[in-house]
1. Express as a percent, rounded to the nearest 5, the fraction of DSSP beta bridges in the chain (both residues included) that run antiparallel.
2. Between SER183 and PHE232, what FRET efficiency comes out of the Förster formula 1/(1 + (r/R0)^6) with R0 = 25 Å and r the beta carbon distance, rounded to 0.05?
3. Could you go through region 175-189 in sequence order and give the Karplus-derived ³J(HN,Hα) for each residue, using 6.51 cos²θ - 1.76 cosθ + 1.60 with θ = phi - 60°, rounded to whole Hz, and x for Gly and Pro?
4. Working with all protein chains in place, sort LEU567, LEU169 by solvent-accessible area computed with a 1.4 Å probe, largest first.
5. Enter the mean projected area of the convex hull around the alpha-carbon atoms of region 251-325, in nm², rounded to one decimal.
6. Would you please classify the overall shape of region 73-130 from the alpha carbon gyration tensor, given that a ≥ b ≥ c denote the square roots of the eigenvalues, rounded means a/c under 1.5, and beyond that prolate means a/b larger than b/c while oblate covers the rest?
7. Could you give each residue of region 52-60 its phi-based ³J(HN,Hα) in whole Hz, using Karplus coefficients 6.51, -1.76, 1.60 with θ = phi - 60°, and x for Gly or Pro?
8. Average projected area of the Cα convex hull of region 174-232, in nm²?
Amino acid sequence: MKPTNTQNPEYYHKVVDCQYACPAHTPVPEYIRLIAAEKYTEAYMVNWESNVFPGVLGRTCDRPCEPACRRVRVEEEPVAICRLKRVAADNKGDVKKLMPQGPFTPNGKKIALIGGGPASLTVARDLAPLGYEIHLFDEQIAGGGMMRSQIPSFRLPEEVLNEEVNYILDMGIHTQFLTYVKSLREVLSQKYDAVFVGTGAPRGRDLPKLPGRKEGDKFIHIGIEWLANVAFEHTKSIGEKVLVLGGGNTAMDCCRTSRRLGGKEVKVVVRSPFEEMKASPWEKEDALHEDIQILDNHVPLSFEVKDGKLIGMKFQKVKAVYDDNGKRQLLPTDEPEVFLEADEVLIAIGQENSFPWIERDLGLEFDQWGMPVVDAVTYQSTLPAVFFGGDAAFGPKNVITAVAQGHQAAVSIHLFCEGKNLRERPSPYTNLVSQKMGIHEWSYDSGISIDQRYVVPQAEKTITLKDRKKEVELGFDVPIAFKETQRCLNCDVQTVFTADRCIECDACMDVCPTSCITFTANAEEPELRQKLLVPAENLSQDLLVSNELKTGRVMVKDEDVCLHCGLCAERCPTSAWDMQKFLYSVTKAYQMPAPLPQIQK
């Protein structure tokens, strides 16, 4: 193999598994260390710069960082990354003074944001400091989009959402709430320099052809619409027997909300096996804790209506069968049909995009599924001045993905308004700083706790089920938060190898607790991976391969199992190994040069 190019910022970035897995690339170990040092305000701002909504995401994020956490190499549970984010939000000081303060010098450019969700708000947050005049349109009463209408208050208190949305709106954003945009042509006629569409995926999927759907319509509700009606207090009750169709997080929100609105016997019914439900494991756990039954492998057959009233549903029992490629089929078990009683049914089987307000003769192309054709890098549509992001761009995902796309769309809008090439993206800001303070002293703590993951306390079920606005999770207190931070392996403190200092004493290889370091003759990658002390089986994680050493061997380190413990650097007699903190920060639009103000003629 050729020596690893560690000058490529993506190499070390990929080693910080949690940050790499985060769509917004939040520097996770950095803010965890700040929390450990009780620097909550600083930890909050590290988060805010990347993910914009630390308090929201500390409660509701889908946590793509946690399955990637290197802690699972040594035990079952990852670091509670998401809930530590909330600790920073709950204990922060006055952060507003640390944020960009308007009024900003106008640059003469005007941007329309259609939809007030996380993607649009991120675009506003990034472009406002550059002097853009931002106009935000949303049909809801306030900003937040799906965070306001679809995430129940028992998971996300309204005051937390309002605070973080207002940090952005207070930058001088021109808001037009309770305004439904009926025509993109009309928006474009108002001479905006660019338009960003962040309208989410506002339409819930239905089962229109299922027998009884029309007859039982009064008692059958689309999940996301029902959640919105609850959030805006149009709906305040539900029947005692409730069926929720679907296995995603929206279904979990529907069933848990039903329990709070009068549902005494609430069941979730899903086609797939329990283990393959799309809902996050912790969401399923919370539903079960609240006495909600989850019935898997049930395919709906009909809505049963008697004398104009819904009485229940019929289902077919199925089993999952997999072919050699892992493709799943749901086949009937030939068991009798199952009848489940119900007063009301909530359908939460997915969401779809809906763009009836975009005329089809504007030059904006749509694909065969009715989705806009959007560049995956620039988020630009085939109509150059129109950009998309969040669920409106590529379908339903989650808040953190919408934020990440908002950041990139803002960069593109800025480049577009400057007349520059949208594909010449700004490089990330990175650096490597040695943590060495003496011969064997380091400026970070490499002593890792052996504690198991701490459980986030919850309010009593007898209290939370009576009040849909009572927050269930109480968050870590400060002492427990500190203990949880000590489980972090500091994966951003990299093991940096300098080949010309190495005397090949093999001391690092001997002291390594995971046997991830090997000195061996070079070979092509497949063979080299098998020659290591412990074969490197994870092909998705790169190897660190040195230049040729004096003996003709090379040093190879399997980054996949390295614990960043620093023992190699402590043991090395020549400082060929060093522990260096790696910072990787995605460049945002507001960090790019601001356009010069236009002189009015």
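The values are calculated or read from the model by the stated rules, or taken from the named source; none is laboratory data. Keep in mind it's a predicted model, so treat the numbers as computed, not measured. Neighbour counts are summed over all protein chains in view; Cβ atoms, including those assigned to glycine, are modelled from backbone coordinates with ideal geometry. Calculation scope for accessible area: heavy atoms of the full protein, side chains included, ligands and nucleic acids excluded. Shrake-Rupley method; radii C 1.70, N 1.55, O 1.52, S 1.80 Å.
1. On the way: 42 of 72 bridges.
Roughly 60 percent of the DSSP beta bridges within the chain come out antiparallel.
2. Numbers: r = 25 Å, r/R0 = 1.00.
The value I calculate is 0.50.
3. Rounded to whole hertz, the list is 9, 10, 7, 6, 10, 8, 6, 9, 7, 5, 4, 5, 4, 4, 6.
4. Reading off the accessible areas and sorting them downward yields LEU567, LEU169.
5. Averaged projected area of region 251-325's Cα convex hull equals 6.3 nm².
6. prolate
7. Listing the rounded values in order: 6, 10, x, x, 5, 6, x, 10, 10 Hz.
8. 6.3
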